[in-house]
Amino acid sequence: DPDRRFQTARDLFSDLNAARASLLAGPVAVVPEPEPAATPLRKFNHDIYISYAQLDNEAQLTGQQGWVSALHRSLEVRVGQLLGKKPIILRNPKSNGDEGSTEAELEKIPDSALLITVLSPRYLKSEWCNRELRRFLAAAGEKPRWGSKYRVLKVVKTPIPIDKHPPEIQPLAPYEFYKIDPDTGRPRELDQVFGPDAQREYWARLD
């Protein structure tokens, strides 16, 4: 059919012209689809809630503040410097659940943007500490992350085998606030009582 052959030739000529024009114009920039914006978290009244066992806040020297109290203060200073304002950091003054801990304390946890767990042998044995962790994770629901970062920070004060960590946070990378003595193989917590080197490393890891 002459008409059909003419139509086919015309379409082919048109395609060749389009290809020639594309080559002369150079490569076409491909604009990637923008990534969907992360769903913003709601506004929280507290920046950080520290979950810890009271025994881990006992001072090693008379007149010295406890390890958790020092962590609390250090975070206020460093995070405040980064934010340009003093952060609101909470912790239960009696966190073992045996004296004075109430359900009212648990209600402060969902209103905190981040949870810091201070892991130690005593923390693992404390039902109250585990309740604090579960309460935060239940409140976080499907939003346990902020961008690519988890909203739970796992501070390890005393070495514990990973399989002993609470199952909910076993996959999280730990922030280890101790070092292993190369001579004895024993762990030593990063604390100012162990001298300026330990204090410097403490601040480096906190930062």
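Quick one: pull the percent of accessible area on segment 153-207 belonging to carbon and sulfur, 1.4 Å probe, ligands and nucleic acids left out.
On the way: 1820 of 3510 Å².
About 52 percent, which is the carbon plus sulfur part of the accessible surface.
Taking amide H as placed 1.01 Å from N in the peptide plane, residue 49 has its amide H under 5 Å from the amide H of 90, 114, 115, 116, each at least 5 places away in sequence or on another chain. A simple spin-label model places pseudo-atoms 7 Å from Cα toward Cβ; at residue 62 and residue 197 they are separated by 3.0 nm.
For segment 63-71, 3J(HN,Hα) computed residue by residue from phi via the Karplus equation (6.51, -1.76, 1.60; θ = phi - 60°) reads x, 9, 6, x, 5, 5, 4, 5, 4 Hz, glycine and proline entered as x.
Computed from backbone phi with θ = phi - 60° and the Karplus coefficients 6.51, -1.76 and 1.60, the 3J(HN,Hα) list for segment 103-108 is 4, 4, 5, 5, 6, 7 Hz; x is used for glycine and proline.
Couplings for segment 182-190, taken from phi via the Karplus curve 6.51 cos²θ - 1.76 cosθ + 1.60 with θ = phi - 60°, read x, 7, 9, x, 8, x, 10, 5, 7 Hz in order; Gly and Pro are left as x.
Multiply the residue separation of residue 162 and residue 88 by 0.36 nm, subtract the distance between their alpha-carbon atoms, and state the gained length in nm to one decimal. Provide the component values of the computation, followed by the final result.
Values: separation 74, 0.36 × 74 = 26.64 nm, distance 3.02 nm.
Extra length from residue 162 to residue 88 when fully extended: 23.6 nm.
Distances between placed amide hydrogens fall under 5 Å for residue 119 paired with 155, 156, 157, all partners being 5 or more residues away or on another chain.
Say the cut-off is 31 Å between C-alpha atoms; which of 85/154; 86/125; 85/164; 43/125 go over it? Intermediate values should be presented prior to the final figure.
Details: 85/154 24 Å; 86/125 33 Å; 85/164 37 Å; 43/125 33 Å.
From 85/154; 86/125; 85/164; 43/125, over 31 Å: 86/125; 85/164; 43/125.
Accessible area per residue for segment 107-207, computed on protein heavy atoms with a 1.4 Å probe, is 57 Å².
Straightening the chain between residue 124 and residue 205 buys 26.9 nm, computed as 0.36 nm per residue apart minus the Cα-Cα spacing. Solvent-accessible area of residue 83, all protein chains in place: 100 Å² (probe radius 1.4 Å, heavy atoms, ligands and nucleic acids excluded). In this structure, the amide hydrogen of residue 178, modeled 1.01 Å from its nitrogen in the peptide plane, lies closer than 5 angstrom to those of 190, counting only residues at least 5 positions away or on a different chain.
The values are calculated or read from the model by the stated rules, or taken from the named source; none is laboratory data. All figures in this text were calculated on a predicted structure; none of them were measured in a lab. When we count neighbours, we look across all protein chains shown, and the Cβ atoms used for this are built from the backbone with ideal geometry, even at glycine. These area figures cover heavy atoms from the full protein model, side chains too; ligands, DNA and RNA do not enter into them. Shrake-Rupley method; radii C 1.70, N 1.55, O 1.52, S 1.80 Å.
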